[in-house]
Amino acid sequence: MAKDSITVIDNRTGKSYEIAISYGTYPEYGAAVGAVDLRQVKVSEDDFGLMSYDPAFMNTASCQSKVTFVDGDKGILRYRGYPIEELAGQSSYLETAYLILYGELPTKAELDEWAHNVTFHTFIHENIKKFMDGFHYDAHPMGMLVSTVAALSTFYPDAKHIFDAESRKTQTYRLIGKMPTLAAFAYRHSLGMPYAYPDNDLSYTGNFLNMLFKMTEVKYQPNPILEKALDVLFILHADHEQNCSANAMRSVGSSQADPYCSVAAAAAALYGPLHGGANEAVLRMLGEIGSKGKVPEFIKKVKAGEGRLMGFGHRVYKNYDPRARIIKQVADRVFEVTGKNPLLDIALELERIALEDNYFIKRKLYPNVDFYSGIIYQAMGFPVAMFPVLFAIPRTSGWVAQWEEMLLDPEQKISRPRQLYLGRDRRSYVEMEQRASAREGSPTGPKRAA
Ligand code: CMC
């Protein structure tokens, strides 16, 4: 009998099955049995076979991946093997994006070429400005970003050639290059200000700040400390293995939709308050708490089930999120320029109390990446509604890397989960006048739902 397998006995039939175990790079984190192997477990020949039931993918590996490694118990995050602390300390966002997309740190020539190609694609078609103008003055910038990135699909029909490596490269340049422009235009629209065009002499984040904040000056000069801080924040947000939005990217991409539509789906997934919208929710929460003194009362409410402590907890991290640790250091540098955000004291007090409280200790709830990022963004002058957008821009490199890996993986097909059907057995069509009486005692009909 092979050693790397499990033996399953079906107590319904007494039959035993041997199912192989496959491993990832680290056997202690990456051992899995194939869900399809369970199909041989049947009570009869015409039985469908056993499935695994796993709502929300709590314990299902949906792919093999070489991009990002997370050890949630130890609080480790690595892109392509490189620790996040080293990348945040020594790399730049564009270099990290290259690493995530292509698997290796670039040489000087490769980085120069990559930066040139991304920069070359920062401009958007003038018509995009026209439909930006159609949004209501108070449209949420994330809604505008989701819509406009989807609309890029109509400007670049060549993006449909997803199995053409050259086309994929071009769409990658366009996506990484244009996301900051779309985001900045959405922001300027919400202020009723004229759009500021990209300045391709500036760095990736310097140019983004230029498109957001340029006023009447001939040439915008970003503050180097804020430019660097934003760059570090972009590195921290670049990828995070199979999270909700990466899964959306892979799932939509698996139908062979073009990358703009797939990125729009991923960005839509990111928008929710349990994912990338959490940084916005944290700021609103801190504002509602209002002062340090009110923190204990707020924690009491959370423990009583009245809302969540936003920016705390993670599906994978059961330890301090390493990104949150780095963000706290970035915050100190930013506040030296901008002055301290008064909400920081409330956040620090929340963290202090929560980390000593049995409710949070028992559930292993620690600050995640979103807990402190919003406080920095606000100090840098970003309105709260822009926070999820600031997550989406750098995450685009991760989405595209996950998408390409999925496309080139011979084991991947269109994503199509199974279900456990709990609905009614076959029944005959009921004429209108008999419906009320037919519903009497119906276990799933509207009467029961009401
Ligand atoms: N505040 C209070 N209780 C919490 C929190 C929280 N933030 N998060 C989880 N819990 C409790 C939850 O009520 C449950 O308790 P019980 O066992 O008594 O029912 C237990 O902890 C497990 O929670 P869960 O909802 O089953 O955990 P999950 O893995 O499904 O959810 C999460 C992960 C991130 C959605 C959740 O922790 C959460 O809602 N956090 C707040 C939102 C947030 O900060 N999201 C950003 C995540 S990091 C950035 C990103 O990758 O998007």
Exercise for review: Sort out which residues of the stretch 50-93 are within 14 Å of HIS314 (Cβ to Cβ), within 16 Å of the ligand (Cβ to nearest atom), outside any strand (DSSP E or B) and of a type outside the set (A, V, I, L, M, F, W, C), and write them in order of number.
Suggested key: GLY72, ASP73, GLY75
**Study point:** Residue that is surrounded by the most Cβ atoms within 10 Å (Cβ to Cβ), among those in the stretch 378-399 that are closer than 16 Å to VAL146 by Cβ and away from the ligand (no atom under 16 Å from the Cβ)
**Key:** MET386
Exercise for review: Check PHE163 against each of (1) more than 23 Å from ALA196 (Cα to Cα); (2) surrounded by fewer than 14 Cβ atoms within 10 Å (Cβ to Cβ); (3) free of Cβ contacts under 8 Å to residues at least 60 places away in the same chain; (4) of a type outside the set (A, V, I, L, M) and name the one condition it does not meet.
Suggested key: (3)
Practice item. From SER153, SER203, SER147, SER167, grab the single residue that is farther than 27 Å from GLY253 by Cβ and assigned by TED's automatic domain parsing to the domain that holds TYR93. Key: SER203
Review point. Are any residues in the stretch 150-175 over 19 Å from ALA265 (Cβ atoms) and touching a Ser or Thr at 6+ places or on another chain (Cβ under 7 Å), and if so, which ones?
Key: ASP158, HIS161
Exercise for review: Inspect the stretch 185-192 for any residue being modelled with pLDDT of 95 or more and either under 15 Å from LEU101 (Cβ atoms) or not assigned by TED's automatic domain parsing to the domain that holds TRP403 (or both) and give the result as yes or no.
Suggested key: no
Exercise for review: Could you identify the single residue in ALA264, ALA229, ALA257 that is assigned by TED's automatic domain parsing to the domain that holds ALA151, crowded, with 22+ Cβ neighbours inside 10 Å, away from the ligand (no atom under 16 Å from the Cβ) and farther than 30 Å from GLY89 by Cβ?
Suggested key: ALA264
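The values are calculated or read from the model by the stated rules, or taken from the named source; none is laboratory data. Everything numeric in this text was worked out from a predicted model, so none of it was measured. We place every Cβ from the backbone using ideal geometry, glycine too, and count neighbours over all the protein chains shown.
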